[in-house]
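Where a number appears in this text, it was derived from the coordinates with a stated rule and is not lab data. Source: prediction; values computed, not measured. Backbone-built Cβ (ideal geometry, glycine too); neighbour counts: all protein chains shown.
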Amino acid sequence: MAKGNGAAARGSVVDDLAAADIPAVQPARRLQVAVLAREVHAARRRRMLSLEQLASLSGVSRSMISKVERGEAVPSTTVLAKLAEALGVTFAQLMSHPVEREVLVIEAARQPVITDPTSGLARRCLSPVLPGRGIDFLLNTLPPRGTAGLFGAHRRGVEEYVYLQRGTLEAAIGDKRHVLHTGDALYFQADANHSFTNIGEEECAYFLIIDSSRLHR
């Protein structure tokens, strides 16, 4: 499941300044923003939620959700994660259309990329959206000293796997901190607050698998 915790977020509505206005987005990314807008809207309609109800579940303001659905704003990573958690979908399901084939090549140019305008975190989605699956496979890059932000606990049963391709990454899981160096790997049960920070002076890149398949059995 994509990162975020609707229940934990209900007490604090996310500020609209967490997203960038669409005119600032490069033209090449506008198609991805349009896909994101359609998928967020479709997921909300499938759950039969009003904007107000989704705002209450996710902790994201009604105006922000409306802007995202109209393609007028690029949500921050934490905003998008909270929406995915509240809608009961994976991060990948909000970033691309579902496919039915079991064998699928996703060319580099077709891999959805969302860049957090605040932190500089670039999140590339490597996994297709297949019916009945609960896997997010992502390649994240963080600028020097950048942070992905604090992600709330997922539902029990969600697991995460990290492989550090390059750089130095600090992973905070609950009240414990772990420092990873190039080539290191990390596994944790994601029902605790967690965050990832590039503590080095160079760009950091890490593969992330979020496995919520147990919730779909």
Report the rotationally averaged projected area of region 41-128 based on its alpha-carbon convex hull, in square nanometres. 6.1
Between residue 113 and residue 163, how many nm apart are label points set 7 Å from Cα along the C-beta direction? 2.0
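Show me the ranking of peptides 180-191, 70-81 by mean Cβ neighbours inside 10 Å, starting with the highest. Don't skip to the answer; put the middle values down first.
Details: 180-191: 14.8, 70-81: 23.0.
In decreasing order of mean packing, 180-191, 70-81 become 70-81, 180-191.
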By what distance, in whole Å, do the Cα atoms of region 176-217 stretch along each of the three principal axes, largest value first? 42, 20, 14
By how many nm would the segment from residue 181 to residue 145 lengthen if fully extended, with 0.36 nm per residue of separation less the alpha-carbon distance? 11.5 nm
